[in-house]
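Down below is the structure, laid out as C-alpha cells.
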Amino acid sequence: MHQKANHKFSVMDTINFKSAILEGIPEKLPTQKPYNPNVNHAPKRKDILTAAEKKLALKNALRYFKPEQHAILAPEFLDELNKYGRIYMYRFRPEYEMKARPIEEYPCKTIQAASIMMMIQNNLDYAVAQHPHELITYGGNGAVFQNWAQYRLCMKYLAEMTDEQTLVMYSGHPMGLFPSHKDAPRVVVTNGMVIPNYSSRNDYERMNALGVSQYGQMTAGSYMYIGPQGIVHGTTITLMNAARLHKNDGKIKLFISSGLGGMSGAQPKAGVIAGMIAVVAEINPKAVKIRHEQGWVDEVFTDLEALLYRIEKARLNSEVVSIAYQGNIVDLWEFFAEKNVQIDLGSDQTSLHNPFSGGYYPCGLSFEESNQMMAENPELFQKKVHESLVRQVKAINKLTANGMYFWDYGNAFLLEAKRAGADIVGQSGDFRYPSYVQDIMGPLFFDYGFGPFRWVCCSGDSEDLKKTDEIAASVLTEIASTAPNEIVHQLQDNIHWIEEAGRNRLVVGSQARILYADSEGRIKIAEAFNKAIRDGIISAPIVLGRDHHDVSGTDSPFRETSNIYDGSSFTADMAIQNVIGDSFRGATWVSIHNGGGVGWGEVINGGFGMTIDGSVDSERRLKQMLFWDVNNGIARRNWARNDSAMFAIKRAMQENPNLKVTLPNLADDTLIEDLLKLNISPDSNV
Ligand SMILES: NC(=O)c1ccc[n+]([C@@H]2O[C@H](COP(=O)([O-])OP(=O)(O)OC[C@H]3O[C@@H](n4cnc5c(N)ncnc54)[C@H](O)[C@@H]3O)[C@@H](O)[C@H]2O)c1
C-alpha cells in the first residue's frame, strides 16, 4: 500500500480532535498559553483606539464568553490589545495540531462542511500560514479569523450543520446557521465589507481593532490558499509569455530581477521551470540563504564581474540556471548597463508598495545602514530611496534601449519611480513600461478566460494528486489538439506545467494543484475528476476553487482590471455579480472581500469553493457554476471592447446557445476625433 503524504494521526488523536471541534468555545477556561517567540508573529498593530473605543473592543470580545469568565478574560484581553494592538484570544488556541487532515477525520453531518474545515485548517497550518498564532495566512494581514473564539465557533457550526443549512460569516465572525436548502452554499463569507466612504486605511485599523472587521486578502479569508505553488505558477507563465512577446527565437533567455522574499522568491524557481537563466538580486543575506537552502536558487554570487562571467558561460552553453546576486539591484543594473550586456527580460520585485519601512533598500547604503537610517532619520532615508530609484530607472532605460523587455510586477515600481522624479514617463504621459497585467495577464489570459483554477484532494493522499495531474494533462492535451491558434500557447504552457508539477515538488500543506485554464478546460477537468471519484479511481472528494486574481472575481483598477480601458475599471459590479451568480449556481462556499493584494479600499475580490463527490448533483453544479464563473468576466471584458474577450465570448455563445451576451459596436475613432475638433474649435463659441 502506498503511503499517505499527509500526516498520520493516531486513533486517540482523532478522537480528541473530534471532541475538541464539537466542544467549540469550551465551558471551562483552557489554561493560558505562553507567548512562543519561536513562531513567526504578526508585528504590533497601530494603537488607534481611543479609551472609549478600547472599552468597546473589550465588550465586543467578551460577547463570546459567559459572564462569570469575564473577570479573568477582560484584563487578559486588555493586555493583548495594549501589547499587540489586537485581541487574538491566545488562550483559546487549540491544543491539537493545525493541519489539513484526511476528510474522514472531521466530525460532520455533511461532507461539504468537512471539506471546508479541512481548507480552514490548511490556511492556519504552521507550514503554510505566515503568522499562525494571529490567524494570518499571508500578506502580513490576510486573516482567516480575527480571534480564536471565532475559529472555534465556526468549526463547531460546520461540524453540526446539515445540507439544509448555511453558515453566515461576517469578517471572521460566525453569525450562525440559517435554514436553506441542499443546493445553497454551505457557507457565505464576507470580509471587510464597509460603507464606501469609510474605507480608508485608518478605518480598517479601527474596525479591526474593535473586532468588527477584517482584511481577508484574497485566499486567506476565503479558505483557498495553497502555499507558494500559486505564485510559482503565475510567475512561470508570466515569464514564458514575456519571452514570447520579446523575441520568440528559441534561444535561451536571460531574465534579471530583484527580491527573494515572500512572493518575489518564486522568480528563480519559475525562471528555471520556464527554461531560462534567471538572475535575482537580493540585499538581505538571510533571504538569499533561505532560497538557496530550499533549492529555489542554484548558485549565489557577491561579485559582479564573476556573476557576468557565469551568465555568459551559461548563455554560451544554453544552460538553464538560477542565480542570486547578493547585493543591491541598482549596482547590478548600473554595472550591466555600463558593460552593455544584452538582457532579454527585466523586472523588479522589491516591496515598493512599502518603500520607506523596509520594502526597498537604496543603493550606496549597506543593509544594516538602511535599517538604522529608516528608523533614526526617516527624511534622509526617503531621499536616499528616491535617489536610488532615479539611478535604477536610468540604468534600466539604457538596457531597454539596448533590447531588454521590462515590466512592472504589481509592486508599485512605476508609481514610486514617478514620485521619485525618475525618467519613467513617456512622451504621451503614460509610463514607459507596462504592468504585467496590461501586457500579459490581461490580454493573453484573463480576456480569454484563462485563470488560476485549483483543486485539493480531500484524502490528503499524494497518489490522488498524481492521478488528478494525469487526468488534467490528458484533458488539456485533448483540448489543445483542436483549439484555435489564439489559445494554443496558453494550453501548451499549462500542459508543460502540469507534466512537470509533480517533479518540482511544490506541495506545501494540503495535496493541492494549480493550473491556468479557461471555462472549457476548467469544466472538462472537473467533470473528469468527478467521474474518477465515482469510478473509485480517486479515493475521496475534491475541492475545486481558484485564486481571486482571476478573470471575473476581482475588480482592481491597479491590477486585475488594469487592462480595462472604457472607464469602468473603478466599478465593482463584476466582482459582486460574480459572487452572487456563483452562490445560486452550486458553489459550496462563496466569499467577497474588500482589499487584498493592492490594499484596503482599492479592490473588491471574490472567490468560491466547490466540493465534488462523484455524484450527479456535483456534475450538474460544476457545469453550471464554472461556466458562469468564467464567462461573467469575459462578457464584461468584451463590453470594454477588449479584442481577446470579444473573440472568447463569441466562442462561448457558440458552445452554449443559452448564453446571449450584449456585444459592443466599435465606433470609428476618426469620426469622434473630427467631431471633437469641431466642438472645441474657437469658431464653435462664436
Ligand atoms: N509576484 C507577483 O506575482 C506579485 C504580484 C503582485 C504583487 N507583487 C509585489 O511584489 C513585491 C514583492 O513581494 P514579496 O512578497 O516578495 O515582498 P518581500 O518584502 O517579502 O520581498 C522583497 C525583497 O526585496 C528585497 N529588496 C528590497 N530592496 C532591494 C534592493 N534595492 N536590492 C535588492 N533587494 C532588495 C528585500 O530585501 C526583500 O527580501 C510586493 O510589492 C508585492 O505586492 C508580486
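Below is a table of values for the structure above.
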quantity	calculated
Projected area, mean over directions - region 371-508, Cα convex hull, nm²	13.4
Under-5 Å amide H pairs with residue 554, H placed in peptide plane, nonlocal only	606
Table column - 3J(HN,Hα) (Hz), region 270-282, Karplus curve with 6.51, -1.76, 1.60, x for Gly and Pro	5, x, 5, 4, 7, x, 10, 9, 10, 10, 10, 8, 9
Pairwise FRET efficiency - residue 74 versus residue 669, Cβ, R0 = 51 Å, nearest 0.05	0.15
Heavy atoms of residue 400 accessible to a 1.4 Å probe, total area in Å² rounded to 10	30
Placed amide H near residue 406: partners under 5 Å, 5+ positions off or other chain	346
Residue-averaged 222 nm ellipticity for the chain, from DSSP H runs of 4+ at -39500 (n - 2.57), nearest 500	-13500 deg cm²/dmol
Sequence-distant residues sharing a close amide H with residue 603 (under 5 Å, placed H)	595
For q = 0.10 Å⁻¹, Debye-computed log10 I/I(0) when each Cα of the chain counts as one equal scatterer	-1.00
Fraction of antiparallel bridges per DSSP, the chain only, in percent to nearest 5	55
Region 70-94 and region 530-569: distance between their alpha carbon centers, rounded to Å	37
Debye-sum result for region 530-604 in log10 I(q)/I(0), which assumes one identical scatterer on each alpha carbon, at q = 0.20, 0.21, 0.22, 0.27 Å⁻¹	-0.84, -0.90, -0.95, -1.25
Contour excess over end-to-end distance, with Cα ends at residue 193 and residue 383 and 0.36 nm allotted per residue	64.7 nm
Residue-span extension gain [residue 481 to residue 340] - 0.36 nm each, minus C-alpha spacing	46.5 nm
Exceeding the 28 Å Cα-Cα cut-off - candidates 253/339; 253/289; 99/467; 156/269; 28/109	156/269
Cα-Cα P(r), region 249-355, percent of pairs per 10 Å interval	16, 53, 28, 3
FRET efficiency estimate (nearest 0.05) - Cβ-Cβ, residue 175 to residue 503, R0 45 angstrom	0.50
For region 472-545, projected area of the alpha-carbon convex hull averaged over all directions, nm²	5.3
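The values are calculated or read from the model by the stated rules, or taken from the named source; none is laboratory data. Fair warning: this is a prediction, and the values are worked out from it, not measured in the lab. Cβ coordinates were reconstructed from backbone atoms using ideal geometry, including for glycine residues, and neighbour counts include every protein chain displayed. Areas reflect the complete protein model, heavy atoms only, side chains present, ligands, DNA and RNA absent. Shrake-Rupley method; radii C 1.70, N 1.55, O 1.52, S 1.80 Å.
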